[in-house]
Amino acid sequence: MRVYHLHDWNVTPGEAIALQRALAGQLDWSSPVSLSAVQLVAGVDVSVQTAFDGHAQSQAAVVVLRLSDMSLVETVTAELPTPFPYIPGLLTFREGPVLELAFEQLQAEPDVFIFDGMGRAHPRRIGIAAHLGLWLEKPTIGCGKTLFVGRYNALSQERGAWAPLVDRGEVIGAALRTRPNANPVFISAGHRIDLESSLQLVMACTGRFRLPEPIRAAHRAAGAMRF
């Protein structure tokens, strides 16, 4: 599939932060996406492991499923030496290059991408789901397993309960309980989608487990790397 090249990945941490601030103003968090318009959903994940020689290696996986029954449509992977250090808030620059390679291999055209990571729920409002949404020009959602930024009030224990995630007076996402009595996941719009649609899509993709099926499938595929 076509990927829009916005900038070079070979940047310093300071340049990366400046790019985030410049790009954040281009993001669209207000467009509703109807479930009836979605047929294919992609899960996106990256596994970073250390090889025997001490070098870090990244493998990206993008797994496309049908929303109607979560059946598999396509799996693509890509592998690269990890190009950027681990710095909180700059995950995109660590995982973006290998994900770009994976996206370019896709034959299917997903209607929505769900990332294992954040979207708007980021100190500069441009987590990996938001940043790469600008590259893809498709609706993207961030689904984080742990809280990165913001606070939320207690939410009830039933499936589908959620509470706004707030940072500096701004609603940046939601804590969402996908399974009864399970810890919440943290959902935020990435690009070309609003929060309400993001929550509906994540719940539509979630079955017996805490994480939505596209993320679970991508996690399995990304973790299957071999040196």
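The values are calculated or read from the model by the stated rules, or taken from the named source; none is laboratory data. Owing to the predicted nature of the structure, the values given are computational and were not obtained by experimental measurement. A quick note on method: Cβ atoms are made from the backbone with ideal geometry, for glycine too, and the neighbour counts reach across all protein chains shown.
Among the candidates GLY160, GLY117, which residue alone is of a type in the set (Gly, Ala, Ser), touching a helix residue (DSSP H, G or I) at 6+ places or on another chain (Cβ under 9 Å) and over 19 Å from HIS219 (Cα atoms)? Lay out the reasoning, then the answer.
Working: GLY117 fails: over 19 Å from HIS219 (Cα atoms).
Step by step, each of GLY160, GLY117 is checked, and only GLY160 is of a type in the set (Gly, Ala, Ser), touching a helix residue (DSSP H, G or I) at 6+ places or on another chain (Cβ under 9 Å) and over 19 Å from HIS219 (Cα atoms).
Among the numbered criteria (1) over 14 Å from ILE128 (Cβ atoms); (2) modelled with pLDDT of 95 or more, which one does LEU99 miss?
For LEU99, the exception is condition (1).
Identify all residues within the stretch 73-95 that are of a type outside the set (A, V, I, L, M, F, W, C) and either within 26 Å of GLN200 (Cα to Cα) or not in a helix (DSSP H, G or I) (or both); write none if there are none.
Of the stretch 73-95, the ones of a type outside the set (A, V, I, L, M, F, W, C) are 74-75, 77, 79, 81-83, 85-86, 88-89, 92, 94-95.
Correct list: GLU74, THR75, THR77, GLU79, PRO81, THR82, PRO83, PRO85, TYR86, PRO88, GLY89, THR92.
Going through the stretch 172-201 one residue at a time, which ones are closer than 22 Å to PRO123 by Cβ, part of a loop (DSSP other than H, G, I, E, B) and out of contact with any Pro (no Cβ under 7 Å at 6 or more places or on another chain)?
PRO184
Please verify whether the stretch 113-125 includes one or more residues that are modelled with pLDDT of 95 or more, of a type in the set (Phe, Trp, Tyr), within 30 Å of ARG168 (Cβ to Cβ) and touching a strand residue (DSSP E or B) at 6+ places or on another chain (Cβ under 7 Å).
yes
Output the number of residues of the stretch 21-71 satisfying the condition of being on the phi > 0 side of the Ramachandran plot and assigned to a strand (DSSP E or B).
Of all residues in the stretch 21-71, those on the phi > 0 side of the Ramachandran plot come to 54, 70.
The next check asks that each one be assigned to a strand (DSSP E or B); those that pass are none.
The qualifying residues number 0.
Restricting to the stretch 8-53, what's the tally of residues that are over 16 Å from LEU91 (Cβ atoms), out of contact with any Ser or Thr (no Cβ under 9 Å at 6 or more places or on another chain), surrounded by 16 or more Cβ atoms within 10 Å (Cβ to Cβ) and of a type outside the set (A, V, I, L, M)?
Residues that pass the stated criteria total 1.
Among the candidates ALA121, ALA108, which residue alone is aliphatic (A, V, I, L, M) and under 18 Å from ASP194 (Cα atoms)?
Testing whether each residue is aliphatic (A, V, I, L, M) and under 18 Å from ASP194 (Cα atoms) leaves just ALA121.
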